[in-house]
Amino acid sequence: MKLPLYPVSRAPGHRRLRVACAAFTLIEVLLAVGISAIVLAAINVVFFGAVRLREGAAAATKMTLPLDNLVSVMKRDLRGIMPYSGNSVLVGLMASDTTAVGMSQPVALEIYTSTGQVVPGSPYGEIQRIDYALQDPTNRMAPPGRDIVRHVSRNLLAVTPEAPVPQHLISGVQTLQFSYYDGTNWATTWSSTLSNTPIAVKVHIDFTPPRVRGVPATSPIDFLVPVIMVPRTNTAASLN
């Protein structure tokens with residue numbers, strides 16, 4: 001059954017309402033997409049720049065820490081050199097032309113120093129023998145060059161000489177050179193026949209250039225250590 005259609009009467013002054021649908025034009029959409037792309041590109045540049053900066057800082061720190069440790073250890077050993085008195089069983093001669101037990105490669109420098117750590121319950125005192133040497137790396141993944149190895153001997157009163165304990169300091173070294181100042185001249189060697197001790201020791205270290213392109217080469221290291229000797233006497237002063 002169909003309902004009858006009646007005409008809709010319009011009163012005077014009646015207005016027809018129009019509903020407007022809000023929408024973006026194509027130009028506005030393209031403009032918004034372009035601005036979003038620019039913002040995302042800027043964020044991407046800043047983010048990856050920060051990541052590269054962090055990686056560079058980490059690499060620089062990783063490279064600097066072994067160098068700082070190397071210089072610190074060598075300076076401490078050289079400052080603590082013990083003078084040879086001739087009648088001491090604990091202190092021997094400082095020399096760059098000596099050999100050490102258990103070392104297949106030549107010694108760059110052998111010293112007796114007072115840098116040994118005194119541990120409660122340990123029979124060893126603060127005096128220890130230190131041998132510095134350049135050795136071929138045992139790790140195949142090591143960088144090109146050789147290793148600076150610090151050999152430590154604590155038992156100086158052993159009847160049978162014991163092999164020193166090796167301590168790896170740094171890899172990738174090309175040259176390790178000690179120079180000695182006797183008060184007048186500099187010498188590149190210090191013979192075991194000399195009973196005195198140099199006034200200062202200078203250390204020069206050259207590093208092997210890296211094989212990988214883009215990796216910066218390590219700058220050479222030079223530092224000077226004065227050897228301060230405090231004379232000892234058995235004469236006791238009496239106070240009146």
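Just so it is clear, none of the values below were taken in a lab; they were calculated from the coordinates. In this text the structure is predicted, and so the values were computed from the model without any measurement. All Cβ positions, glycine included, derive from the backbone under ideal geometry; neighbour counts span all protein chains shown.
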_Expected output is a single nm value to one decimal: the length gained when fully extending between His168 and Asn185, i.e. 0.36 nm times separation in residues minus the C-alpha distance. What is it?_
2.9 nm
_Protection-proxy order for peptides 111-122, 35-46, each taking the mean of Cβ atoms within 10 Å per residue, highest first_ = 111-122, 35-46
*Roughly how many nanometres apart are two label points built 7 Å out from the Cα toward the Cβ at Leu31 and Leu90?*
8.7
*So between His204 and Gln177, what do we pick up on full extension, going 0.36 nm a residue minus the alpha carbon distance?*
9.2 nm
*What number comes out for the charge environment of Ser192, summing +1 per Lys or Arg and -1 per Asp or Glu over other residues with Cβ under 9 Å away?*
-2
_Loop trypsin sites (Lys or Arg not before Pro), segment 134-174 (other Cβ atoms within 10 Å of the site Cβ: 15 or fewer; DSSP)_ = Arg140
